[in-house]
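Worksheet: the structure to be examined is printed underneath.
The values are calculated or read from the model by the stated rules, or taken from the named source; none is laboratory data. A quick note: this is a predicted structure, and the numbers were derived from the prediction, not measured. Here Cβ is always computed from backbone atoms with ideal geometry, including for glycine, and neighbour counts include all displayed protein chains. With ligands, DNA and RNA removed, areas are computed over all heavy atoms of the protein, side chains included. Shrake-Rupley method; radii C 1.70, N 1.55, O 1.52, S 1.80 Å.
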Amino acid sequence: MQNKRLIILLECAIFAAVAMVLSFIPLDIGSSFSISLGMIPMYVIAIRRGFWAAGFAGLLWGLLHFLTGKAYILMPSQAIIEYILAFSFIAFSGVFSKQVRINLAANKLKETIQWAWGTMIIGGVARYFWHYVAGVLFWGAYAFKGWGAQLFSIVMNGASCLGTVVVSGIIISILLKTSPKLFLPK
């Protein structure tokens, strides 16, 4: 049992590292919109291992932003919200992981993909909710002229969330079809 926990922790670390590497691929448009390719390995570990593993991998990925100099920090409270809370809330990407794995093991591809999209949407919204909060509290000065902080944050973080979920969802759907064993641990 302890060996299984160690394997899960190692998988979380590996997926967090892969997510960090993917974070260096520039898919930013301006300073407020981006597609986060690092969510792809986060969704894989979430489906593969569930809620807690996804939260731990997300936390590791968030912390790696500090170590690699990729964190944009205005003040400590903003850093905690955007890199600790937001990335830990990737855990919610694992809420339907069991349903995804059960359907995948039963070769029910349509149901598998539906559950996977559901869990990816929930996880994406959970993460970007905290980016929205940080946008309202800390980034309002960067809003477009005539836009309030709330509108700017919901539009930019909503668009980033949508773009990230769609791109990641397409790739995860392809992986579920072509490499189902990636999502089914032994």
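One table, with the values for the structure above:
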quantity	calculated
Qualifying residue in region 170-183 (condition: open to solvent by 20 Å² or more (accessible area, probe 1.4 Å), of a type outside the set (Val, Ile, Thr), outside any helix (DSSP H, G or I) and closer than 18 Å to residue 19 by Cβ)	yes
Checking residue 107 against (1) under 20 Å from residue 174 (Cα atoms); (2) assigned to a helix (DSSP H, G or I); (3) open to solvent by 40 Å² or more (accessible area, probe 1.4 Å); (4) of a type outside the set (Val, Ile, Thr), the condition it does not meet	(2)
Hey, residue 135 open to solvent by less than 30 Å² (accessible area, probe 1.4 Å), under 14 Å from the mean Cα position of the chain (by Cα), at pLDDT 95 or above and within 22 Å of residue 58 (Cβ to Cβ) or not	no
Counted residues, region 84-95 - those being open to solvent by 20 Å² or more (accessible area, probe 1.4 Å) and aromatic (Phe, Trp, Tyr)	2
Residue satisfying all of: in region 91-121; among the β-branched types (Val, Ile, Thr) and over 24 Å from residue 61 (Cα atoms); nearest to the chain's Cα centre (by Cα) among these	113
Residue 26 being out of contact with any strand residue (DSSP E or B) (no Cβ under 8 Å at 6 or more places or on another chain), over 24 Å from residue 100 (Cβ atoms) and either assigned to a helix (DSSP H, G or I) or not β-branched (Val, Ile, Thr) (or both)	yes
Close pairs from region 6-27: first aliphatic (A, V, I, L, M), partner loosely packed, with under 14 Cβ neighbours inside 10 Å, Cβ under 6 Å, at least 6 apart	none
Filter result (open to solvent by 50 Å² or more (accessible area, probe 1.4 Å) and more than 30 Å from residue 142 (Cα to Cα)) within region 18-48	18
